[in-house]
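Peer 1: The structure's right below; bear with me while I get my questions together.
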């Protein structure tokens, strides 16, 4: 009976040929992600926007307007004019809004990347320690996390930025400090399920110290989940950054960000609505695309959560 | 109840820690409230620092801020220069925010303005009445615990209590309607979407939810102002006045009055701020309640109820509502945070005289007392709402009622 089965199996395998090659979990996840058309489209949009932001100086060359240049011929807040190459119009100082939007996107994305990395480091560290330690430490750390989630840390960020200056590195760190809690909670869940697995047990039996287990075995295994949740944090970070910029606490002139541009536009929305259109549109599209990418990645890598 | 109280106690501890953190970091950070472009002379600076307890150690300052005493001996004669007492002559004018003036004539004023909570507790500071009889009204700091937030540091003739009294209603009157708007509309929308899963209605609800979460309120605010306040008014003017020549309407009310300005607004002033603040919340609540309702709809007891032949609305109300509302309730803590940060945006966008604007002004001016006052109020609002949510949670989720027994 069993012999027959084996023969049949081999026959079936031979018949299937290459179709039945084994695939790793990551490959399966990528295949699942590629099947999600919305997420793939959103990824394309995000990539285009990253390229636009990265090569923002090119638009200075193409339009002939530098980010800080005040166009005296076209002075003081004119509506979009394609002949003059002011695609989004100019602000009240005669600066080209299209070029400024590209540069603002650059800063927003930079902040998003660095601040999300800060959040990643804090969240993974906190979650891993809490999950590994277990017992009372875990309970206390999770209780603190529960309470922190209900507090508007963004307001603390407002205070901190007002007091410690508007240096861009401070913006990075402070936004990172605001957005790590969900990451910590997810990582803790992962770590707890890993903690009871056999290879951790083996490492422990072999006498690896806890710090070694953390660095060698836990962190590599949660990397995938951490990166997925990082893409979910990035839109939040962009939102916080634009919020701070809107309140006049973000980056400073001559640098600009999408939030700063929207805030400038909002002040004169009745007379010069085009000042808000460009940056607002880019911010909304960016956030929408990032949200779809994040959701798609989470669905692909974590199918039980669907 | 015990669970909710326990949570309340924990939150209170966190509030005190958070207050101390804000208190000490703002004082340790570089710069101070008195070093502007034209700093006061050294002697006055010394007096100011003494009045605001800034010459003490940090824990003593915090103690003084909470209880108003600082462990200093309180001199009874109330002459100027003593840090904790100062005298305003009888009948002096005190200008409050909003232009009203008070006169420092009676005991009542003293009690009402400077130890607001003593009035309720029925205890007036010992010796205060005698002081008032001799010297006019005597002002003494009584600390945050007794409801005295102290004088603002940037505008030293205004009490933080006045800022709070004027600002808090302005914040709440937009925060509460938008919360109600989001809850009363979002939960039914989420339930309906779950009930008609994968139908066009579901798709519409999901799209609304997505846009609510993605379009930030700082984009929504200028956009709505432009669309509804500027363009729509222009359109109505064109339609009624220029085309239909309905002059009577133009004379009676020139605009839709959608921009909150001045005090003569009425209901129309609530529309735009509530929409801006509410849609962000609405999106999140729709998504959460839809997810919760989907899970409840798939459960066995709902299938049983269906098999029994109960009508749909009974199933939705009796079997789905309670478990499906739980994720929404869990989210109420972050909702408070969202409303508070959102109200900073709408106060700026619509120029509303709320607390959020004082909060930002205080942070940028290094107005320590005003910043602390607004922070205290915000934290109190948060723990109060969380307490209510915990109470609701115990009511809705029997698993939390530990040790058995009702509440």
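Peer 1: Within region A:259-290, which residues are within 12 Å of residue A:235 (Cβ to Cβ) and surrounded by 20 or more Cβ atoms within 10 Å (Cβ to Cβ)? Give the steps one after another, and end with the answer.
Peer 2: The initial filter retains those residues of region A:259-290 that are within 12 Å of residue A:235 (Cβ to Cβ), namely A:283-290.
Within region A:259-290, A:283, A:286, A:287, A:289, A:290 qualify.
Peer 1: Look at residue B:352 and say whether it is within 11 Å of another protein chain (Cβ to nearest Cβ), in contact (Cβ under 8 Å) with a residue 12 or more places away in the chain and within 30 Å of residue B:154 (Cα to Cα).
Peer 2: no
Peer 1: Further question: Pull up region B:1-36, narrow it to residues that are farther than 25 Å from residue B:56 by Cβ and more than 12 Å from chain A (Cβ to nearest Cβ), then point me to the one that is surrounded by the most Cβ atoms within 10 Å (Cβ to Cβ).
Peer 2: B:4
Peer 1: Quick one: residue B:315 ticks every box in (1) surrounded by 16 or more Cβ atoms within 10 Å (Cβ to Cβ); (2) at pLDDT below 85; (3) closer than 30 Å to residue B:353 by Cβ except a single one, so which number is it?
Peer 2: Residue B:315 satisfies all of (1) surrounded by 16 or more Cβ atoms within 10 Å (Cβ to Cβ); (2) at pLDDT below 85; (3) closer than 30 Å to residue B:353 by Cβ except (3).
Peer 1: Which members of region B:195-216 meet the condition of being within 14 Å of chain A (Cβ to nearest Cβ) and assigned to a helix (DSSP H, G or I)?
Peer 2: B:203, B:206, B:207, B:208, B:209, B:210, B:211, B:212, B:213, B:214
Peer 1: Hey, another quick one. Given the options A:13, A:3, A:34, name the one that is over 30 Å from residue A:278 (Cα atoms), touching a helix residue (DSSP H, G or I) at 6+ places or on another chain (Cβ under 9 Å), at pLDDT below 80 and not in a loop (DSSP other than H, G, I, E, B).
Peer 2: Sole residue among the options that is over 30 Å from residue A:278 (Cα atoms), touching a helix residue (DSSP H, G or I) at 6+ places or on another chain (Cβ under 9 Å), at pLDDT below 80 and not in a loop (DSSP other than H, G, I, E, B): A:13.
Quick grid of which residues meet (1) under 24 Å from residue A:244 (Cβ atoms); (2) more than 12 Å from chain B (Cβ to nearest Cβ):
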| position | (1), (2) |
| --- | --- |
| A:144 | no, no |
| A:153 | yes, no |
| A:158 | yes, no |
| A:172 | yes, yes |
| A:177 | yes, yes |
| A:184 | yes, yes |
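Residue-wise test of (1) surrounded by fewer than 19 Cβ atoms within 10 Å (Cβ to Cβ); (2) within 19 Å of the chain's Cα centre (by Cα); (3) more than 11 Å from chain B (Cβ to nearest Cβ).
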site: A:210; (1), (2), (3): yes, no, yes
site: A:219; (1), (2), (3): yes, no, yes
site: A:223; (1), (2), (3): yes, yes, yes
site: A:227; (1), (2), (3): yes, yes, yes
site: A:234; (1), (2), (3): no, yes, yes
site: A:238; (1), (2), (3): no, yes, no
site: A:246; (1), (2), (3): no, no, no
site: A:252; (1), (2), (3): yes, no, yes
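Peer 1: Sticking with this structure for a sec: Looking at A:263, A:242, which is the one that is assigned to a helix (DSSP H, G or I), at the interface with chain B (Cβ under 9 Å from one of its Cβ atoms) and over 27 Å from residue A:43 (Cα atoms)?
Peer 2: None of the other options fit; the residue is A:263.
Peer 1: So if I check each of B:384, B:288, B:340, B:281, which one is buried (at least 21 other Cβ atoms within 10 Å of the Cβ), within 12 Å of another protein chain (Cβ to nearest Cβ) and either in a helix (DSSP H, G or I) or modelled with pLDDT of 85 or more (or both)? Don't jump to the end; show me each part of the working.
Peer 2: Numbers: B:384 fails: buried (at least 21 other Cβ atoms within 10 Å of the Cβ); B:288 fails: within 12 Å of another protein chain (Cβ to nearest Cβ); B:281 fails: within 12 Å of another protein chain (Cβ to nearest Cβ).
One residue alone meets the criteria, B:340.
Peer 1: Same structure again: Any residue in region A:171-185 that is more than 18 Å from residue A:118 (Cβ to Cβ) and at pLDDT 85 or above?
Peer 2: No, region A:171-185 has no match at all.
Peer 1: Within region A:105-204, considering only helices (runs of 4 or more DSSP H) that don't extend past its boundaries, which have at least 2 residues that are in contact (Cβ under 8 Å) with a residue 60 or more places away in the chain, under 25 Å from residue B:23 (Cα atoms) and over 16 Å from the mean Cα position of the chain (by Cα)? Steps first, answer last, please.
Peer 2: Numbers: elements: A:135-149, A:153-163, A:168-178, A:181-195.
The helices (runs of 4 or more DSSP H) meeting that bar are A:153-163.
Peer 1: Let me ask you something else. For residue B:261, only one of the following conditions fails: (1) at pLDDT 80 or above; (2) in a loop (DSSP other than H, G, I, E, B); (3) within 14 Å of chain A (Cβ to nearest Cβ). What is its number?
Peer 2: Result: residue B:261 fails condition (1) only.
Peer 1: For region A:266-284, enumerate the residues that are at the interface with chain B (Cβ under 9 Å from one of its Cβ atoms) and not in a helix (DSSP H, G or I).
Peer 2: Within region A:266-284, A:269, A:270, A:273 qualify.
Peer 1: Next question, about the same structure. Might you check whether a residue that is surrounded by fewer than 21 Cβ atoms within 10 Å (Cβ to Cβ) and within 14 Å of chain A (Cβ to nearest Cβ) occurs anywhere in region B:163-183?
Peer 2: Looking for residues that are surrounded by fewer than 21 Cβ atoms within 10 Å (Cβ to Cβ) and within 14 Å of chain A (Cβ to nearest Cβ), one finds none in region B:163-183, hence no.
The values are calculated or read from the model by the stated rules, or taken from the named source; none is laboratory data. For clarity, every value in this text was computed on a predicted model and none was experimentally measured. Here Cβ is always computed from backbone atoms with ideal geometry, including for glycine, and neighbour counts include all displayed protein chains.
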